[in-house]
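S.K.: A single structure is presented below for examination.
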Amino acid sequence: MSNNRTQSFFLNLLKAINRLRYRDLDISSNNVTVNWEHIPQLPRVGDILTITGSTTPEAKVRVKVSFEKKVPVTDGKYEYNMDKVEIPDGPNHFTIKARKAKDLNFSVKMFITFTRTFEANSDEAIYSEENVPSGNYDISIHGQAKEGEKEVTIYLEAVEVIDTDNEGKFTYNYNTAALPPGDFTVLVGDSDRTISLSAAI
């Protein structure tokens, strides 16, 4: 079996196991009305962002974290690396976009290194994945920029589903270690806000 076929086999097997566990959940439809707060109010890279809130009892709440990062182009190529990205157990969905790019290569180190390649439609290449197995991953996003571009914009979006208790309360912890300093957006249910993340001390 070739290396690429071996990679696809193991990745699809892991995803299939997760899909069996979470097949009845639709993470796109959990936009319930939620009241929530977060601490620390002024987080730094590496802080655990704790979100507490309330909504309907025993509900399933969608949590989406997203951000953009401008990546410089060198010799027509771009690359953005994220180390120790934490994927918790549960249903999830990830979307990565590279704007002003010819293509997007997504490499993630699990048991072995998986790489997927996506060609751009117009000037944007998109990679989307769901039911990614839990764990800590080293991720590389890289590829060819469009002719003459000096930077490529990387957009990342991660969606998870959390459960509320019988009083409608919930607590959710998000590790910011893999995020770059700057603004990122958190959507909890139907309520979103922009949070500024400072560089680690």
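The values are calculated or read from the model by the stated rules, or taken from the named source; none is laboratory data. Since this is a predicted model, take the numbers as computed values, not measurements. Every residue, glycine as well, gets a Cβ built from its backbone with ideal geometry; the counts of neighbours run over all protein chains shown. Accessible surface areas use protein heavy atoms only, side chains included; no ligands, DNA or RNA. Shrake-Rupley method; radii C 1.70, N 1.55, O 1.52, S 1.80 Å.
S.K.: Suppose we keep only residues that are assigned to a strand (DSSP E or B) and small (G, A, S) within segment 86-124. Which one would you say is most open to solvent (accessible area, probe 1.4 Å)? Quick ask: steps written out before the conclusion?
M.R.: So in segment 86-124, the residues assigned to a strand (DSSP E or B) come out as 86-87, 92-99, 101, 103-109, 113-119, 121, 124.
Remaining after also requiring small (G, A, S): 98, 101, 107.
Details: A98: 0, A101: 1, S107: 17 Å².
My answer is S107.
S.K.: For the subset of segment 56-76 comprising residues that are in contact with a strand residue (DSSP E or B) (Cβ under 8 Å, 6 or more places away or on another chain), assigned to a loop (DSSP other than H, G, I, E, B) and at pLDDT below 95, which member is least open to solvent (accessible area, probe 1.4 Å)?
M.R.: Looking only at segment 56-76, we keep the residues that are in contact with a strand residue (DSSP E or B) (Cβ under 8 Å, 6 or more places away or on another chain), and these are 58-73, 76.
Now restrict to residues that are assigned to a loop (DSSP other than H, G, I, E, B): 58-59, 73, 76.
Those still in the list that are at pLDDT below 95 too: 58-59.
Details: E58: 139, A59: 13 Å².
Looking at the filtered set, the residue picked out is A59.
S.K.: Just give me the residues in segment 141-165 being open to solvent by 20 Å² or more (accessible area, probe 1.4 Å) and more than 30 Å from V34 (Cα to Cα), in sequence order.
M.R.: Of everything in segment 141-165, those that are open to solvent by 20 Å² or more (accessible area, probe 1.4 Å) and more than 30 Å from V34 (Cα to Cα) turn out to be H142, Q144, K146, E147, G148, E149, K150, E151.
S.K.: With K146, K150, K70 as the choices, which residue is more than 13 Å from the chain's Cα centre (by Cα), charged (D, E, K, R) and within 21 Å of V186 (Cβ to Cβ)? Explain how you work it out, then say what you get.
M.R.: Working: K146 fails: within 21 Å of V186 (Cβ to Cβ); K150 fails: within 21 Å of V186 (Cβ to Cβ).
None of the other options fit; the residue is K70.
S.K.: Here's another thing I want to ask about it. Of the numbered conditions (1) within 14 Å of M82 (Cβ to Cβ); (2) open to solvent by 80 Å² or more (accessible area, probe 1.4 Å), Y127 fails exactly one; give the number of that condition.
M.R.: With (1) within 14 Å of M82 (Cβ to Cβ); (2) open to solvent by 80 Å² or more (accessible area, probe 1.4 Å) applied to Y127, the lone miss is (2).
S.K.: Which of the residues spanning segment 96-118 are of a type in the set (A, V, I, L, M) and closer than 27 Å to E149 by Cβ?
M.R.: Within segment 96-118, I96, A98, A101, L104, V108 meet the criteria.
S.K.: Which ones in segment 173-186 are open to solvent by 20 Å² or more (accessible area, probe 1.4 Å) and part of a strand (DSSP E or B)?
M.R.: Scanning segment 173-186 gives N173, Y174, N175, G182, D183, T185.
S.K.: OK, next. Going by the conditions given, is V132 in a strand (DSSP E or B), out of contact with any His (no Cβ under 7 Å at 6 or more places or on another chain) and buried (at least 17 other Cβ atoms within 10 Å of the Cβ)? Steps first, answer last, please.
M.R.: Numbers: in a strand (DSSP E or B): no; out of contact with any His (no Cβ under 7 Å at 6 or more places or on another chain): yes; buried (at least 17 other Cβ atoms within 10 Å of the Cβ): yes.
So V132 fails the test.
S.K.: Out of E79, E160, report the one residue that is in contact with a helix residue (DSSP H, G or I) (Cβ under 8 Å, 6 or more places away or on another chain), of a type in the set (D, E) and part of a strand (DSSP E or B). Working first, answer last.
M.R.: Details: E79 fails: in contact with a helix residue (DSSP H, G or I) (Cβ under 8 Å, 6 or more places away or on another chain).
Only one candidate qualifies: E160.
S.K.: Do we have T74 as under 25 Å from V45 (Cβ atoms), free of Cβ contacts under 8 Å to residues at least 40 places away in the same chain and of a type in the set (S, T, Y) here? Write out each step before concluding.
M.R.: Values: under 25 Å from V45 (Cβ atoms): yes; free of Cβ contacts under 8 Å to residues at least 40 places away in the same chain: yes; of a type in the set (S, T, Y): yes.
Taking the combined requirement at face value, the residue satisfies it.
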